[in-house]
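Take a look at the structure set out below.
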Amino acid sequence: MSIIIFLIILGILVLVHEFGHFIAAKKNGVLVEEFGFGFPPRLIGKKIGETIYSFNLIPFGGFVKLFGEEYKEVGTDRDLTAARKKRAFVYKPPSIKALIIVAGVLMNIILAVFLYYFTLSLNNFRSEPLPLLNNYSFRFGKQENRIVVGDISPNSPASQTKIQIGDIAMQAGAKNTGENIDWFSISRPDQFIDFVKNSQDKEIYLQLENLINGETKTIQVTPKYDQKLKRAIIGINLIEAVVITYDTPADRVFSGFLHSYNISAYNVSGLRYLFAQSFKQKSVEPIAQGSAGPIGIFKLVSELVESSGKKVVINLLNLLALLSLSLAIINMIPFPALDGGRFVMVLYEWITGRRFNAVIEKYLVVGGFLFLMVLALLVAMNDIIKIYR
């Protein structure tokens, strides 16, 4: 089941992105020679109309092959009839080329917006808790802080209870003199730590909601003094998280767009944070730990399918929306062999009125593609190491 769902998610991401290029090219008169799922060599293909629709051996990706993507493919002007020249990508105005190039990114954004409209509306326009890498403030919506159990120490008081990794601490409390529980909301790690520190050898109560499956529970635990930390603990490591609520009518009308912006901006901020940490530590470890390729995504899908319970559909749709935005962000990077790199070349042509140097373009695209293949291999190896570590 996990493999099937993973392939469906991968298929949707690829097909939506490539369909953007496909439909923009078709609408602007460019001949689409092939619409491929996966990368060659080709396994099967069928020509429908003027386009071959194919399934290829390497399943991680896809492509749309346009007639005349490069000048060398169409030959000299004398080799082309007026009708064929009209169908070639390279002879289209820069504005049309730019539209075809960015159409894949736009389709990924549209998919994410639609999915977030759906998932937010099912949850009273509240997002699922989002773990925070750094002290980040989201631009749109009302931000509410949460703390999440990130790890449980062995042989600790918490390990003897039903506390799980991924539990959100909603409220904490202790019995008063009347044997009733005085509850208070928890929004910061230091707030919770102080409460535990002041409750040594006293029974406390926690109201928890699991981040993955949505199950709620109330547990009892007794903090014990820790010689190393010099204070009472229950033995959990805490991660800061945030819930975004879209309360106003305007926010709800545009919630899909606003949440897509929030998540995209947060992803970019997270990438900057990871690179900054790697530079500071002079190590690629922060980036390696914060990234995942197809193997890592498959593991995440498998875990969601196994542990999400009744929230499995919502969790998978949120993951699909996140991956769609991530694919859009990556493709916008101005790097050769990515849509962003091709857009920069078209932008140069648009501004200067001269095409980008064909020889330089060829070497940049080939070199960029080889670099991405090596990077994909390294990411896959990193995924495997993290799984079996």
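Throughout, read-outs are computed from the coordinates displayed, never taken from laboratory work. No experiment lies behind these values; they were computed from the predicted model shown. When we count neighbours, we look across all protein chains shown, and the Cβ atoms used for this are built from the backbone with ideal geometry, even at glycine.
Data for the structure
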{"read-out": "The chain - share of DSSP beta bridges that are antiparallel (%, nearest 5)", "value": "90 percent"}
{"read-out": "Sequence-separation-based contact order of the chain, relative, with Cα cut under 8 Å and 6+ spacing, percent", "value": "17 percent"}
{"read-out": "Listed pairs 46/311; 47/311; 175/228; 26/362 exceeding 32 Å between Cα atoms", "value": "46/311; 47/311"}
{"read-out": "Selection from 114, 39, 237 lying farthest towards where the dipole of the chain points positive, charges on Cβ", "value": "39"}
{"read-out": "Eligible aspartates and glutamates near residue 142 by straight Cα distance, threshold 19 Å, same-chain separation 8 or greater", "value": "128, 240, 247, 251"}
{"read-out": "Euclidean distance of C-alpha centroids, the range 162-203 and the range 109-124, integer Å", "value": "34 Å"}
{"read-out": "Candidates 255, 308, 185: whichever shows maximal mean-square fluctuation once the chain is modelled as a Gaussian network with Cα springs under 10 Å", "value": "185"}
{"read-out": "Spatial separation of Cα centroids for the range 27-65 and the range 136-161, in angstrom", "value": "45 Å"}
{"read-out": "Alpha carbon centroid spacing (whole Å) that separates the range 289-367 from the range 229-253", "value": "29 Å"}
{"read-out": "Computed P(r) (all Cα pairs; the chain; 10 Å bins; percent)", "value": "4, 18, 26, 23, 14, 8, 5, 2, 0, 0"}
{"read-out": "Residue-averaged 222 nm ellipticity for the chain, from DSSP H runs of 4+ at -39500 (n - 2.57), nearest 500", "value": "-16000 deg cm²/dmol"}
{"read-out": "Kyte-Doolittle mean at least -0.5 and Cα axial length at least 30 Å: DSSP H helices in the chain", "value": "2-27, 94-122, 255-281, 358-388"}
